[in-house]
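Everything below concerns the one structure shown next.
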Amino acid sequence: GGVRALFGGLGLSAEDAQDSPLLRGSARRALPALDPRPAEEGPSTAATVYPVLHGLYWLAANLMAQGPLLLVLDDVHWCDERSLRWIDFLLRRADQLPLLVVLAQRTEA
C-alpha cells in the first residue's frame, strides 16, 4: 500500500520492464510490490521478501540517478508492515545517497 502510493504515479508495470530505465537490473524485482492488484499474501520468508526489497531499493537508486529523491509518506501509522519494512531497508542503505524521506505520523493527542 505505502510503496504503491509512493511509486504508483510512475505507472510502471511488467510490460515496461524491458523498456523503462527505472526497471533496469535488479529494479525489476520490485514489480510485485508495484502491482495495483497484489497477489494474495502468503507466508513471508526471507527468500520471498528480500528480492522485492532489493528491487525497490534499486528502483529508488535508479530514480536518484536522475537527481535527488524526496519520498513523503503521510499517515504512516496506517501504513502496511511490508512498506515500513522497505523504508527501513532503504534508510539503512541511504548513507551518501541524494535522498530525503519524510514520514508523518499522527499522535493520539
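Quick one: in segment 74-109, of everything that is at pLDDT below 90 and among the hydrophobic types (A, V, I, L, M, F, W, C), which residue is surrounded by the most Cβ atoms within 10 Å (Cβ to Cβ)?
Only one residue tops the list, namely Cys79.
Any idea how many residues of segment 42-63 are more than 13 Å from Phe7 (Cα to Cα) and either hydroxyl-bearing (Ser, Thr, Tyr) or surrounded by fewer than 18 Cβ atoms within 10 Å (Cβ to Cβ) (or both)?
So the answer is 11.
Can you name the number of the only condition in (1) hydroxyl-bearing (Ser, Thr, Tyr); (2) over 18 Å from Arg85 (Cβ atoms); (3) at pLDDT 90 or above that Ser26 fails?
Unmet condition: (2).
Taking segment 29-73 only, how many residues are among the basic types (Lys, Arg) and modelled with pLDDT of 90 or more? Reasoning before the result, please.
Here is the first cut: in segment 29-73, the ones among the basic types (Lys, Arg) are 29, 37.
Right, trim to modelled with pLDDT of 90 or more and you get 29.
Final tally of qualifying residues: 1.
State which residue pairs qualify: first residue free of Cβ contacts under 8 Å to residues at least 24 places away in the same chain and inside segment 72-91, second residue of a type outside the set (Phe, Trp, Tyr) in any location, beta carbons under 8 Å apart, and separation of 6 or more residues or different chains.
Note: pairs meeting the criteria are Leu91/Val101.
The values are calculated or read from the model by the stated rules, or taken from the named source; none is laboratory data. What you are looking at is a predicted structure, and each value in this text was computed from that prediction instead of being measured. Here Cβ is always computed from backbone atoms with ideal geometry, including for glycine, and neighbour counts include all displayed protein chains.
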